[in-house]
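Bear in mind that the values in this text are calculations on the coordinates, not laboratory data. Being a predicted model, the structure only gives us computed values, none of them experimental. Cβ atoms come from the backbone with ideal geometry, glycine included; neighbour counts cover every protein chain shown.
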Amino acid sequence: QVQLVESGGGLVQAGDSLRLSCAASGRTFSTYTMGWFRQAPGKEREFVAAITWTGGVNYADSVKGRFFISRDNAKNTGSLQMNSLKPEDTAVYYCAADRLISFNAKGYRYWGQGTQVTVSS
């Protein structure tokens, strides 16, 4: 069982940076893939980035070069550094975890409660 808690969301202006954190509990987190997803109003939850327990990373094309995912297995934490934010990045951001990497939200059993990121133009 893994429990996830996100933090770090907020209201920023276009071009600003924001860092989201994900704190995990559970002994198995260090061997799980961690993913970040986002959901804007009226839209489906979409993949943002993922990092395997060995450090392999994947990004959605829309955030590649602007967002950077990382994790600290010793501390059971993960983060998403978001740079050059755009208004279209506005969404609720979720941290997720499961054994295998997936670009689909259905591939993750464990989810945080989400944190709101709002980017004004």
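If you take the beta carbon distance between Ala74 and Ser17 as r and set R0 to 22 Å, what does 1/(1 + (r/R0)^6) give as a FRET efficiency, to the nearest 0.05?
It comes out at approximately 0.30.
Taking every pair of alpha-carbon atoms in the range 1-40, what share in percent sits in each 5 Å bin, from 0 to the bin with the longest distance?
6, 16, 25, 22, 14, 9, 6, 2
Can you tell me what percent of all Cα-Cα pairs in the range 11-101 are more than 23 Å apart?
Pairs farther apart than 23 Å: 21 percent.
Which value in Å is the Kirkwood Rh of the range 54-113 over different Cα pairs?
So the Kirkwood estimate lands at 13.0 Å.
Express the relative contact order of the chain as a whole percentage, based on alpha carbon pairs under 8 Å and six or more residues apart in sequence.
36 percent
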